[in-house]
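Working notes, structure below.
The values are calculated or read from the model by the stated rules, or taken from the named source; none is laboratory data. What you see is a predicted model; the values in this text were computed from it and never measured. Using ideal geometry, Cβ is built from the backbone for each residue, glycine included, and neighbour counts are taken over all protein chains shown. Ligands, DNA and RNA are excluded from the accessible area calculation, which covers all protein heavy atoms including side chains. Shrake-Rupley method; radii C 1.70, N 1.55, O 1.52, S 1.80 Å.
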Amino acid sequence: MKKFSALLLAGAMAFSVSNCSEKVEVEYPVFPKSKEGRQLQKFLGSIRNVGLAVEKPQKSLWETVFGAGSSFIDQMPSKVFEAFDKETYYKLIDLSKRADSINEASLTLTGITKSRVKLGNQLGAEAILHIGYQKPYTECGSEMMVDYGAAALKVGGAIASIATGKQVDTGNGPISKQTGIRYMLIPLDATLIKVETGEVKKAVVSNPAKVDAGVGNLDCPSVLDSFGKALDEAALYIKDRLSPKVKTEYIKVFKDDEDPEVAGYLDDGYQEITGETPSFKKAKENWDKADKKAGGKSWGAKANLGTYYFQAGDFEKAIKYYEDAMKLSGADKNYVRELRKRVEAAAAVDDTEK
């Protein structure tokens, strides 16, 4: 009897070890807690793959900024793509690098609107973000700026004076100093078009960036030095209005099941998101197969599908799958409950502005 109990215990331990999980990096969207955030969330749904089409700038307009014959004008589309590709939630596809299947006329706003479904199918994109330009602007000026180093020195001197009872001389230099400024407007005109429905959401940059030469330096910053900052600010403005922010968490993916075939599908899904070209979409296909093969009785499949919808931004479905997983025998209910709470927190919006 003791031998039989030992064998049962060993078997249970072996299953416990084999029924393991691995944490993977999961990115999910965070929407503003505002009316605009709710509208953006409703507009996007689970859109993640976005084609980015950047029109070539009209040289006659941009030569007023960069000078006649500037080669930098031709580099602008790639610079714009780089600015949008920084810390974005979307998986961006550069349409300018698909010259084999997309002609230049298709990259205009009119061309994209007309052929959005064809482009979406070619690229595997759920939406297309078109970036055009309005008239640019730049000029030099000056403003009073705080010299924080001088301010800190005076504060330090005041503290030292109190501590020692003696006046500590920190000089008579001004804290605020006249400083050279370049004002530069990169007037991006952005239109996000949903491939399936043709619905659009727009944002236009209309405020210039201010680039200083360094406190107390009256020289006007150069055009090229100012361009990078102005473009980053313009891209950030667009992203704040047309894209959620992205947050990353490490979440367990469950790989094993008592049924070897179900376990195989679960593990195949895990391999899809940890390989050289991670794909949650392909992982989902395997987890759907696992769920179907198990007749809806695999809590690991349900939990993994919940995580798929979590990263896709479909919070309602994520919560449903996590709740379904918790109802099944053998589930790690405490962990899955914690995942559901994370989704609920991400989905929460501020209702005060309705």
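Set the Förster radius R0 to 25 Å, insert the Cβ-Cβ distance between Leu218 and Phe72 as r into 1/(1 + (r/R0)^6), and round the FRET efficiency to 0.05. Computed FRET efficiency for Leu218 and Phe72 comes out at 0.45. Note on Arg342: accessible area is roughly 50 Å² with a 1.4 Å probe, heavy atoms of protein only.
Ranked by the mean number of other Cβ atoms within 10 Å per residue, highest first, peptides 307-315, 224-232, 186-194 order as 307-315, 186-194, 224-232. Taking Lys and Arg as +1 and Asp and Glu as -1, the other residues whose beta-carbon sits under 15 Å from that of Lys292 total -3. Report the net charge of residues surrounding Leu266, where surrounding means a beta-carbon distance below 9 angstrom and charges are Lys +1, Arg +1, Asp -1, Glu -1. Every neighbour counted, the sum reads -3.
Where does the charge balance sit around Lys245 when Lys and Arg score +1, Asp and Glu -1, over other residues with C-beta under 11 Å from its C-beta? Spell out each step's value before the answer.
Details: positive: Lys239, Lys247; negative: Glu27, Glu87, Asp240.
Its environment carries a net charge of -1.
With the convex hull of the Cα atoms taken as the outline of the stretch 253-347, the averaged projected area works out to 5.4 nm². Annotation: Met144 carries an accessible surface of approximately 110 Å², with a 1.4 Å probe and no ligand, DNA or RNA atoms counted. Using the 1.4 Å probe convention, the accessible area of the stretch 253-347 works out to 49 Å² per residue with neighbouring protein chains retained.
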